[in-house]
Amino acid sequence: MPKDSPEQKLGKKRLGDLLVEVGIITAEQLQMALQEQKERGGKLGQILMAMGFITEDVLLAFLGKQCNVSYVSLNEYGDIPENVIKLVPETIVRHQKLIPISLEGDTLTIAMSDPANVFAIDDLKMMTGRNIKVVIASEAEIKNAIDKYYGAKGSMQDILKEIEAPEGAEEDVELVKEEDAGADIIALEAQGEDAPVIKIVNLILSGAVSAGASDIHIEPFERTLRVRYRIDGVLHEVTAPPKKLQNALVSRLKIMAKLDIAEHRLPQDGRIKIKVQSKEVDLRVSVLPTAFGEKIVMRLLDPESLQLDLTVLGFEPDSLKTYQKNIDIPYGIVLVTGPTGSGKSTTLYSTLATLNKPEVNIVTIEDPVEYVLEGINQVQANSEIGLTFAEGLRSFLRQDPDIIMVGEIRDAETAEIAINAALTGHLVFSTLHTNDAPGAMTRLNNMGIEPFLTTSTVVMVIAQRLVRMVCPKCKEEFEIEYDKIKHLGITPEMVDGKTKVKLARGVGCDYCSNTGYKGRKALYEVMEINDRIRDLVLERAPTHLIKQVARENGMKTLREAALLKLLRGETTLEEVMRVTFTDTEAGE
């Protein structure tokens, strides 16, 4: 007899009806969620949370009530005694996703994300010889608690104890001399396959996935090795192995990425596919020779984390309306601009997913293909064999496409072919590296593209950045004098003429690793190309004049988009100043 989750036990339809009955959601919200469930599948509770109709705390408390168990927030619970933790083995807590939290007399209280799992409860009764009281808690909080009290699948110190090193052994690693490179391949392979080294690499990778990191940096210095995770756009240092394991660590990662372990002088790029916590994660691996060894940076690509819903990326309502209007046109060029790591790929993938229909032929050329989208023809660029963006674009035009996506316009040749594709009736999406949306028009001119071609094809330019969001678990509000923040570009109209403004910040908790931030959203600057802007481009007008006209036409700048999120309590003053410039600083 299979076990059922609380939602399955209630029945998906019944759960929604009950939530409506008690006034937690409206009937309209339920219908929207049921429609989303019908189209995409998944549990109704998860869909309601994703759509912002209900919080996890409220849902768990409600499910707990229906199952006659209490809801507990483990982040606010306090410390769990060691004697309680020892009552249940680590293998059981990880497999069943539960954790013991208290012992009163002969009753052991267990926090579970699935209190309907009667088999696990019966097993615990037999194993511990105690009565079991069940409370419901968030699966994420349970996992964090397991890592906290049982260890994150073995600590770095535990693994290093397995490595026997004679007393006084030299900790520094001597770099392979150029003339000896490749002479000791067998030794390097042996180091890479050493069991403790494999465990260290697995610990680094699984730790990054658990922390929600987007990148892993392994950096060699003269006497130390440093490991950092990029979480929500900011680098955080974590425990690193000793310098003496540097070569073995690099060799292991090169073996996993199918790179040349004997090559230490040239940069190399590869890819690793791993399975962590029952989900597959792709890693793009970049190896760069430095003065003290090879630095490795790995970009984590988790298909499950890819957000394909345009409405939740961070667009302001009027900007989203403009964006959706322009991606539905039959031909032209839409450009997404911003620095590396600003979320351009996510915006493009979300756009393509929105436009992906059986009657539409979509072809992309990317370097690399980050996420695989069902129903879209994706091509991996490979300059070594001559498959450049420009060459791929030429081939696409013979493939009867409706929509084309080019990973990046890097040169005039690619730009010219993209323009030709737009002129012959195709909708083209691509990215460009500029600081803001108006700058894209000037950038194309500087690449040698004639203004009349640019104005004939480009229909919209979007600039974007990613801004960290205040942690919902430790969020607190505070008031600040308007005069102290008006220099940021906040107008009296934006605060309804108030002299004091209410803002938010995160004080730090376990949920956000004491950073005060959890997750990121995009800031968007959406510039629709109209006749006034076309005239300026034809006149080769400077960027600040194009920007001025775009703002008069209703474009919100990146700073203005950030300020709106600030005043809604979604982000902080520090983030606004870190990510954006004032519009005068940006060159207006």
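The values are calculated or read from the model by the stated rules, or taken from the named source; none is laboratory data. Keep in mind the model is a prediction, meaning the values are calculated, not measured. Every residue, glycine among them, receives a Cβ derived from its backbone with ideal geometry; neighbour counts consider all protein chains shown. To get the accessible areas, we keep the full protein, side chains included, count just its heavy atoms, and leave off ligands, DNA and RNA. Shrake-Rupley method; radii C 1.70, N 1.55, O 1.52, S 1.80 Å.
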Item to check | No Cys partner within the rule (Cβ under 4.7 Å), the chain | outcome: Cys67
Checklist entry - Percent relative contact order of the chain, based on C-alpha pairs within less than 8 angstrom and at least six residues apart? => result 9 percent
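Can you pull out the trypsin sites (Lys or Arg not before Pro) in the stretch 329-427 that DSSP calls coil and that have at most 10 other Cβ atoms within 10 Å?
Filter output for the stretch 329-427: Arg398.
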Checklist outcome for this item: Computed ³J(HN,Hα) along the stretch 104-118: with the Karplus parameters 6.51/-1.76/1.60, θ = phi - 60°, integer Hz and x for glycine or proline, the list is 10, x, 9, 10, 9, 8, 10, 8, 10, 8, 10, x, 7, 7, 5
Checklist entry - To the nearest 10 square angstrom, what accessible area does Ser345 show with a 1.4 Å probe? => result 40 Å²
Checklist entry - When DSSP assigns beta bridges and you keep just the ones with both residues in the stretch 294-410, what percent turn out antiparallel, to the nearest 5? => result 10 percent
Next on the checklist: With both bridge residues required to lie in the chain, what share of the DSSP beta bridges run antiparallel, to the nearest 5%?
Outcome noted: 65 percent
Item to check | Relative contact order computed over the stretch 337-452 (Cα-Cα under 8 Å; 6+ residues apart), in percent | outcome: 27 percent
Checklist entry - Can you list the residues, at least 5 places off or on another chain, whose amide H is less than 5 Å from the amide H of Ala437, using H built in the peptide plane? => result Ala463
Item to check | Diffusion coefficient, µm² s⁻¹, Stokes-Einstein with Kirkwood Rh over alpha-carbon pairs of the stretch 229-336 at 10 °C and 1.306 mPa s | outcome: 90 µm²/s
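Apply the a/c threshold of 1.5 to the C-alpha gyration tensor of the stretch 375-426 and tell me whether it is rounded, prolate or oblate.
Verdict is oblate for the stretch 375-426.
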Checklist outcome for this item: Quick note, the chain: a/c under 1.5 would make it rounded; otherwise a/b > b/c is prolate and the rest oblate (a ≥ b ≥ c, C-alpha gyration tensor); here it is oblate
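If a/c stays under 1.5 just call it rounded; otherwise compare a/b with b/c (prolate if a/b is bigger, oblate if not). Do that for the stretch 33-127, with a ≥ b ≥ c from the square roots of the Cα gyration tensor eigenvalues.
It comes out prolate by the Cα gyration axes.
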Checklist outcome for this item: Residues meeting the amide H criterion for Leu466 (H placed from the backbone, H to H distance under 5 Å, 5 or more places apart or on another chain) are Leu523
Next on the checklist: From the helices alone, meaning DSSP H stretches of at least four residues, give me the mean residue ellipticity at 222 nm for the chain, per-run term -39500 (n - 2.57), in deg cm²/dmol to the nearest 500.
Outcome noted: -10500 deg cm²/dmol
